[in-house]
1. Among the residues of the range 26-56, which ones are open to solvent by 50 Å² or more (accessible area, probe 1.4 Å), of a type in the set (A, V, I, L, M) and farther than 18 Å from Arg73 by Cβ?
2. Of everything in the range 60-83, what is within 16 Å of the ligand (Cβ to nearest atom), open to solvent by 10 Å² or more (accessible area, probe 1.4 Å) and more than 13 Å from Ser32 (Cα to Cα)? Give them in sequence order.
3. Which residue is farthest from Ala120 (Cα to Cα), if the candidates are limited to the range 7-25 and must be more than 15 Å from the ligand (Cβ to nearest atom) and open to solvent by less than 40 Å² (accessible area, probe 1.4 Å)?
4. Any chance the range 77-99 includes a residue that's over 24 Å from Tyr227 (Cβ atoms), among the hydrophobic types (A, V, I, L, M, F, W, C) and modelled with pLDDT under 90?
5. Any residue at all in the range 107-120 that is touching a helix residue (DSSP H, G or I) at 6+ places or on another chain (Cβ under 8 Å), open to solvent by 20 Å² or more (accessible area, probe 1.4 Å) and not assigned by TED's automatic domain parsing to the domain that holds Met202?
6. Quick one: His44 ticks every box in (1) at negative phi; (2) more than 16 Å from the ligand (Cβ to nearest atom); (3) in contact (Cβ under 8 Å) with a residue 40 or more places away in the chain except a single one, so which number is it?
7. Go over the candidates Arg46, Arg15, Arg19 one by one and state the one that is modelled with pLDDT under 95 and of a type in the set (Lys, Arg).
8. Restricting to the range 93-106, count the residues that are in contact (Cβ under 8 Å) with a residue 24 or more places away in the chain, farther than 14 Å from Leu68 by Cβ and more than 11 Å from the ligand (Cβ to nearest atom).
Amino acid sequence: MSLAVLLVEDDRELRGTLRDALEVEGYRVRASASLADAQAVLAHARAAGGVDLVLLDLGLPDGDGEALLTALRRERGTPVIVLSARQGDEGKVRLLDAGADDYLVKPFNLAELLARMRVALRHRGTAVRPAVTRYAHGGLAIELDTRRVTRDGAEVHLTPTEFKLLARLVRQAGQVVTHRQLLADVWGPEHTEQTHYLRLYMAQLRAKLERDAADPALLLTEPGVGYRLAEPSD
Ligand code: CA
């Protein structure tokens, strides 16, 4: 059975384009142009098994997406990808911290959207899915159980904090993790403003793990938002 996507976007042209493109990919698409309509669609869809993923534009005529996100998280952990208009949009960080799964800045390309959707669907139902314990990309292999990290077969030594930070990213590989989430999970909730910790430790990790630390292919920066570990490739 095909997956159901709720697309909440008030730009008529973009809504039409995305709907067509997603239907070609085999998704069943319900489109809404406002928050109120999206809430009505969700209420209606509930009886039919709900929706599998939500694409949520931030700037909507009747408000921003936060109310919808809260309802979705409470209900069943439906993945939400935020569609953000501007690079400097603070709203996307707020929604990511509140539990949205990922974001894209407009204009984005379709291939990128589809890739993000696949990752979000794979990570869906965080509470029940088997925990991610392995990661591989290029010559890098990470095993969280044994705390073993190798690059082209050679063991890489990480400090406990470096490992903890890397493990946090591995558990959400392919998805953005905000500065706040990383700081809270690795250093503790009292350290969520210490973004310089992240810069320091990320530089150390890149020096140890990347082929070219100046041009990272694994530990990717999402400017103003957080970091993303590249999707596993093998
Ligand atoms: Ca909009």
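The values are calculated or read from the model by the stated rules, or taken from the named source; none is laboratory data. Nothing here was measured: the structure is a model prediction, and the numbers come from that model. Every residue, glycine among them, receives a Cβ derived from its backbone with ideal geometry; neighbour counts consider all protein chains shown. When the accessible area is computed, the model is the full protein with side chains, heavy atoms only, and any ligands, DNA or RNA have been set aside. Shrake-Rupley method; radii C 1.70, N 1.55, O 1.52, S 1.80 Å.
1. Ala36, Ala40, Ala47, Ala48
2. Answer for the range 60-83, where residues must be within 16 Å of the ligand (Cβ to nearest atom), open to solvent by 10 Å² or more (accessible area, probe 1.4 Å) and more than 13 Å from Ser32 (Cα to Cα): Gly63, Asp64, Glu66, Ala67.
3. Step by step, filter the range 7-25, then rank; the result is Ala21.
4. no
5. There is at least one residue in the range 107-120 that is touching a helix residue (DSSP H, G or I) at 6+ places or on another chain (Cβ under 8 Å), open to solvent by 20 Å² or more (accessible area, probe 1.4 Å) and not assigned by TED's automatic domain parsing to the domain that holds Met202.
6. So His44 meets the others, but not (3).
7. From the options Arg46, Arg15, Arg19, the qualifying one is Arg46.
8. 5
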